[in-house]
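Trainee: What follows is a single structure, and I will ask about it in a moment.
Please treat every number below as a calculation from the coordinates, not as lab data. The shown structure was predicted, so the numbers you read here are calculated from the model rather than taken from an experiment. Using ideal geometry, Cβ is built from the backbone for each residue, glycine included, and neighbour counts are taken over all protein chains shown.
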Amino acid sequence: MTSPLEQKKIRITGPSVVTANRTWDGAVVYRTAQKGWSTELSDSAIVSTSDDARALLAEAAADDVGAVGPYIAPVELKDGGKVKPGNLREQIRAKGVTIDLQVPA
Amino acid sequence: MYAYDELDRTLINERVSEFRDQVKRRLSGELTEDEFKILRLQNGVYLQLHAYMFRVAIPYGTLSTKQLRRLAHVARRYDRGYGHFTTRQNIQFNWIKLAELPDALADLAEVGIHAMQTSGNNMRNVTSDQWAGVAPGEIEDPRIWSELIRQHTTLHPEFSFLPRKFKIAITASEHDRAAIKIHDIGLRLHKNADGETGFEVLVGGGLGRTPFIAKTIKPFVHGRDVLSYIEAILRVYNQYGRRDNIYKARIKILVHELGIEKFAKEVDEEWRQMGDSELRLDHRAIEEVRSRFSYPAYEKLPHMPDELKQAAHDPLFERWRKNSVSAHKVQGYSIVTLSLKPVGGPPGDATAEQMDALADLADKYSFGEIRVGHEQNLALPHVAKRDLPALFKAFDRLGLATPNVNLVTDIIACPGLDYCSLANARSIPIAQELTRRFANHDTAGLIGRLHINISGCINACGHHHVGHIGILGVEKNGEEFYQITIGGRADENAQMGTLIGPAVPYAEVADVIEDIVEAYLALRDRPEELFVDTVKRLGVEPFRERVYATR
Ligand code: HEM
Ligand code: SF4
């Protein structure tokens, strides 16, 4: 959980979302504009100012039953409005591991 | 094999129902994550990038086939069909749903498996040589002592709320397969001049942010006094342990700051005050635990059976035998290591199908017993030599006969950024690429013993400091970079590796490792000189030159 003090310090430098892990199964989820959680990054509420980011995080953190450990993560907005994860860590969270798991023949 | 008693079973079952209730209250919102976190950690449940991760203990690395089949069942039923064997004789499941965890725990409890002592600031499961009880020349089975310590420390208040986690490892052989010098307490069983059995006690080892090799605090503690001596160490640690600073509260820091002499004096003082009180083990207590370890009824078999003589004409079998089969204390038997490091595969992963098939093979060929070692490989501890050719064929079909044990492709790697929320960089894909570069097992055989260890951050779960070649993931401006060390080792001559130069980007790591290996092949003075010995003889400079001259 992000403490109120830390939330005050938050500064974002580009478009961002709030992400967390869903409580009952741990799945990666994103905060939506409808104050819910979605497993699709494309459903997420996108903020572009630090104030909005703090507000979104505070609102998301209040839902401790729905999801665990919410934080602000960078995204990239592509032409045509597509949302992409903003760094490798978020890419791996969104798309899964980068290894092809070995399956016995 | 070890038979749990009634008390253990009751305790395990109580923990399962307690946790079931806690999970229910968490999911209903009655418990917040802050309140729940400590409870889930006590049951081996972490939160990782994609899901909850569930860590299960395999005490001193001994599994029955019934237990292995149950692990396969958990992988299949509650996870994605595989499990990951770690460097601390645990297995981790990466995709477990919190809502289903109590059921998974209950299924495991039925076969005496649990997740106690796998996480949190307490005494962690006591690890031991994976060849315990079968290695030739062993003083005695170290698991007896692991078990005595386990019983004493499980849920004991003095050990449940420590400043930080606390790890003990035991070995009873000349060659240390349990990496005791990088544990908080390392115990080496040996005999004193009077022929009595006892322990050399080492203290203050550990890796992570501030790595230390353990130092000997007492050359000989009689077996019956080992619990009280450990207790004395723990008491001194608990008095001094700096709980205020999470990075400093490990015993290695305390030993370093006080100096081993002063620390030893304080422990001796504490120990003397305890006298030969409650904690001295009597003969009966030791024998009682000893009697619960059962050994197979070995047959009287020839040293060199006909089956083995015939199979020696098959070069693939011979290559595997020379690499993966080791001497056993009983004539006519062998210890067989199974590589969980296939070319291109993630180190330490086993699928549910592999686990089930292996359980069948262990029933047929190894008296129903499997071992788990800290190198993220498995072993069958009691294989009759006459069965080796048949076993090889069966392993080969399962993808478990990669003849690369202790070679350059037998890589220890932590989960890294593919799974771990603390990671700076990926570990597994680096390991996979390296196994492809050195995919020719004959070439790897000519290179000889070479341990590569990879960690995705300074927590050092992949033991990079003590790898012959160590690779540590760091982050530079949002990109994955890797620091490379050479000359480390984890055995009885444990030492930290030396950094060879500036960190290199992800795409160059495999090239750099190839350069290092080529430099070694050019520099070694004869084929038997191991990589670590060449580094010891020449220092890191010639390797540094080779790697950075063109970069
Ligand atoms: C993916 C989940 C994991 C997490 C979050 C995790 C976290 C950590 C942390 C925070 C530490 C440092 C603690 C300290 O120094 O006090 C640590 C140490 C360690 N971990 Fe992990 N770990 C994970 C997986 C693993 C795996 C898969 C292995 C084995 C392959 C492993 C083996 C170890 C070992 C041996 C140490 C002790 C290193 C030392 O001596 O300081 N861990 N882990
Ligand atoms: S070393 Fe770091 S990245 Fe690797 S598993 Fe441990 S905590 Fe995670």
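Trainee: Under a plain spin-label model, where a point goes 7 Å from the Cα along Cα-to-Cβ, how far apart in nm are B:Leu27 and A:Asp100?
Mentor: 3.6 nm
Trainee: Tally Lys/Arg at +1 and Asp/Glu at -1 over every other residue whose Cβ is under 9 Å from the Cβ of B:Glu270; what's the total?
Mentor: Numbers: positive: B:Arg235, B:Arg272; negative: B:Glu231, B:Glu266, B:Asp268, B:Glu269.
For residues surrounding B:Glu270, the net value is -2.
Trainee: Still on this structure: Can you give me the relative contact order of the range B:306-398 as a percent, contacts being Cα pairs under 8 Å and 6 or more apart?
Mentor: 33 percent
Trainee: If you don't mind, another one. Indicate the gyration tensor shape class of the range B:480-526 (rounded, prolate or oblate), computed on the Cα atoms with a ≥ b ≥ c the square roots of the eigenvalues: a/c under 1.5 is rounded; otherwise a/b larger than b/c is prolate and the rest oblate.
Mentor: oblate
Trainee: Then there is this: Pull out the extension gain between B:Asp282 and B:Glu261, defined as 0.36 nm times the separation in residues minus the alpha carbon to alpha carbon distance; nm, one decimal.
Mentor: Gain in length upon complete extension: 4.6 nm.
Trainee: Taking the Cβ of B:Leu39 as the centre, find all other residues whose Cβ is under 9 Å away and add up their charges (Lys, Arg: +1; Asp, Glu: -1).
Mentor: Details: positive: B:Arg26, B:Lys37, B:Arg40; negative: B:Glu18, B:Glu35.
Its environment carries a net charge of +1.
Trainee: Still on this model: How far is helix A:50-61 tilted off the main Cα axis of chain A, in degrees rounded to 10, range 0 to 90?
Mentor: The angle comes out at about 70 degrees.
Trainee: Just add up the charged neighbours of B:Pro502: K/R +1, D/E -1, any other residue whose Cβ is under 12 Å from the Cβ of B:Pro502.
Mentor: On the way: positive: B:Lys476, B:Arg544, B:Arg551; negative: B:Glu508.
Around B:Pro502, the surrounding residues sum to +2.
Trainee: What spacing in nm lies between the two simple spin-label points modelled at A:Lys78 and B:Ala106, each 7 Å away from Cα in the Cβ direction?
Mentor: For the pair A:Lys78/B:Ala106, the computed spacing is 4.5 nm.
Trainee: Starting from the 7 Å offset along Cα-to-Cβ, what nm value, one decimal, do you get for the label separation of B:Asn13 and B:Lys309?
Mentor: 5.5 nm
Trainee: Further question: Set Lys and Arg Cβ to +1 and Asp and Glu Cβ to -1, take the dipole of the protein assembly as shown about its Cα centre, and tell me which of B:His465, B:Ala106, B:Pro542 lies farthest positive.
Mentor: Toward the positive end, the furthest listed residue is B:Pro542.
Trainee: Separate question: Listed here are the pairs B:Lys215/B:Lys252; B:Lys191/B:Lys265; B:Lys322/B:Lys393; B:Lys167/B:Lys265; A:Lys9/A:Lys95; which of them are more than 19 Å apart at the Cα?
Mentor: B:Lys191/B:Lys265; B:Lys167/B:Lys265; A:Lys9/A:Lys95
Trainee: Right, another one. Let me have the relative contact order for the range A:21-103, percent, based on Cα pairs under 8 Å that are six or more residues apart.
Mentor: It rounds to 24 percent for the range A:21-103.
Trainee: Would you compute, from DSSP H runs of 4+ residues alone, the mean residue ellipticity of the protein assembly as shown at 222 nm, taking -39500 (n - 2.57) per run and dividing by the full residue count, rounded to the nearest 500?
Mentor: -10500 deg cm²/dmol
Trainee: Would you give the gap between the C-alpha center of the range A:9-87 and the C-alpha center of the range B:44-84, rounded to a whole Å?
Mentor: When both Cα centres are located, 31 Å separates them.
Trainee: Which one of B:Ala115, B:Leu202, B:Thr498 has its Cα pushed farthest toward the positive end of the charge dipole of the protein assembly as shown, where Lys and Arg give +1 and Asp and Glu give -1 at the Cβ?
Mentor: It is B:Thr498, whose Cα lies furthest towards the positive end.
Trainee: Could you pull out every whole DSSP H run in chain B that spans at least 18 Å of Cα extent along its own axis and averages 1.0 or higher on the Kyte-Doolittle scale?
Mentor: Both cut-offs are met by B:509-523.
Trainee: Considering only Cα-Cα distances, which of the following residue pairs are longer than 28 Å: B:Lys181/B:Lys329; B:Lys97/B:Lys165; A:Lys82/B:Lys37; B:Lys66/B:Lys341?
Mentor: A:Lys82/B:Lys37
Trainee: Can you give the extra length, in nm with one decimal, that the chain gains between B:Asn406 and B:Lys322 once fully stretched, where that is 0.36 nm per residue apart less the Cα-Cα distance?
Mentor: Values: separation 84, 0.36 × 84 = 30.24 nm, distance 1.17 nm.
Stretched fully, the B:Asn406-B:Lys322 segment lengthens by 29.1 nm.
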